[in-house]
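A short worksheet on the structure shown next.
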Amino acid sequence: MHGLILRTFQVFVQDTYGQSAWEAITAHAQFEAGDFEAMLNYPPETFDAIIAATETRLGKSSDLFLEDVGTYLVSHPNSEGLRRLLRFGGVDYIEFLHSLDDLPDRARLAVADLVLPDLELRDMGQNTFRLTVGEGLPRFGFVMVGVLRAMADDYGALVLMDAERPGAGGQEVEITLVETAFSAGR
């Protein structure tokens, strides 16, 4: 597991719940280093231990925690650069959705050894889309739900989303665009 991903979890918890919450999570996960180094790689068991400890210590399901991380990545002032980069995906939310297929490659341009799951968007008609989140990062579809919700808000669009449980071949996220100009975008 790439340290940048785990470091994102750490910073999210510290910014949202405080340093003491992060210390309780790392203690519960038996992660003695306490901090993740963004450019190192960690065994997959570390991710599993941190997520399990987060569920226990924060009293929040891992699915909701991961979705909150996705929202944080786009909406927190510390992540303003990422939000602006994502906005290059299109002038409106539909164009942004269609740009998601290129997101893993764009991430590799920024961090060469960061491998994100493949993303494939299918237009199902009637303003309904299906995003397939490939294998590679466990439950990454829930992070994408948070990113997609925050970006919808950023574009001023009203959307409904439903993420399926991960299965063989990845995870499916259904996106229904209710209104493209629901409110003023950022």
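Need the failing condition index for GLU45 against (1) touching a residue at least 24 places away in the same chain (Cβ under 8 Å); (2) within 21 Å of ASP113 (Cα to Cα); (3) of a type outside the set (A, V, I, L, M, F, W, C), just the number.
Of the numbered conditions (1) touching a residue at least 24 places away in the same chain (Cβ under 8 Å); (2) within 21 Å of ASP113 (Cα to Cα); (3) of a type outside the set (A, V, I, L, M, F, W, C), the odd one out for GLU45 is (1).
Pick out, from the stretch 59-106, the helices (runs of 4 or more DSSP H) lying fully within it that include 2 or more residues that are free of Cβ contacts under 8 Å to residues at least 12 places away in the same chain and surrounded by fewer than 18 Cβ atoms within 10 Å (Cβ to Cβ).
80-87
State the number of residues belonging to the stretch 14-43 that are buried (at least 19 other Cβ atoms within 10 Å of the Cβ), in a helix (DSSP H, G or I) and of a type outside the set (S, T, N, Q).
Of the residues in that region, 2 qualify.
Tell me the residue from VAL115, VAL11 that is open to solvent by 30 Å² or more (accessible area, probe 1.4 Å), among the β-branched types (Val, Ile, Thr) and outside any helix (DSSP H, G or I), please.
VAL115
Just a yes or no: is a residue in the stretch 137-149 surrounded by fewer than 17 Cβ atoms within 10 Å (Cβ to Cβ) and either touching a Pro at 6+ places or on another chain (Cβ under 8 Å) or not in a helix (DSSP H, G or I) (or both)?
Taking every residue of the stretch 137-149 in turn, none turns out to be surrounded by fewer than 17 Cβ atoms within 10 Å (Cβ to Cβ) and either touching a Pro at 6+ places or on another chain (Cβ under 8 Å) or not in a helix (DSSP H, G or I) (or both).
Given the criteria modelled with pLDDT of 95 or more, closer than 21 Å to LEU116 by Cα and acidic (Asp, Glu), does ASP68 qualify?
Yes, satisfied.
Out of the residues in the stretch 118-136 that are touching a residue at least 12 places away in the same chain (Cβ under 8 Å) and polar (S, T, N, Q), state the one that is most open to solvent (accessible area, probe 1.4 Å).
Out of the qualifying residues, it is ASN127.
From the set of residues in the stretch 150-164 that are open to solvent by 20 Å² or more (accessible area, probe 1.4 Å) and either without any contact (Cβ under 8 Å) to a residue 60 or more places away in the chain or within 14 Å of the chain's Cα centre (by Cα) (or both), which is nearest to ILE94 (Cα to Cα)?
LEU158
The values are calculated or read from the model by the stated rules, or taken from the named source; none is laboratory data. All figures in this text were calculated on a predicted structure; none of them were measured in a lab. Neighbour counts run over all protein chains shown; Cβ positions are idealised from the backbone, glycine included. When the accessible area is computed, the model is the full protein with side chains, heavy atoms only, and any ligands, DNA or RNA have been set aside. Shrake-Rupley method; radii C 1.70, N 1.55, O 1.52, S 1.80 Å.
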